[in-house]
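Written below as structure tokens is the structure these notes are about.
Nothing in this text is a laboratory measurement; each read-out follows from the coordinates by a stated rule. Just so you know, these numbers come straight off a predicted model, no measurement behind them. Neighbour counts run over all protein chains shown; Cβ positions are idealised from the backbone, glycine included.
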Amino acid sequence: MSIEQIEQQIQRLPAIELMRLAEWFNGFLASQTPASASAQAAWQETPELVAELDRRLAQFTDNPALAVPFEPDYFENLKRQLADERARKASTR
């Protein structure tokens, strides 16, 4: 299965399944990516951010209809933005 096929399948997921996928994928990435101490420190969430994420999760759990579906070109735009940012960072080195 190609990345594009996976993206298409993800775009068709209902909001609650998308949330489950995101939770699983975050855990998967955390278990697969050995991070240095400095990288871990850079990704440390502040207590305020954790509280905000908890608030939003509770709000979504109480009312899944609040979820906004992804636009069809969301992943293409995201890939383009990541590529642009990587190119920008590489050019400054």
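Some points to look at:
- Within the shell of other residues whose beta carbon sits under 13 angstrom from the beta carbon of LYS79, the net charge comes to -4, with Lys and Arg scored +1 and Asp and Glu -1.
- Membrane-span-like helices in the chain, defined here as complete DSSP H runs extending at least 20 Å along the helix axis by their C-alpha atoms with mean Kyte-Doolittle hydropathy no lower than 0.5, are absent; this is a sequence and geometry rule, not a statement about a membrane.
- Net charge contributed by nearby residues that have their C-beta within less than 13 Å of LEU53 (K/R +1, D/E -1): -3
- In nm, spacing of pseudo-spin labels at VAL68 and GLN44 (7 Å Cα→C-beta vector): 3.2 nm
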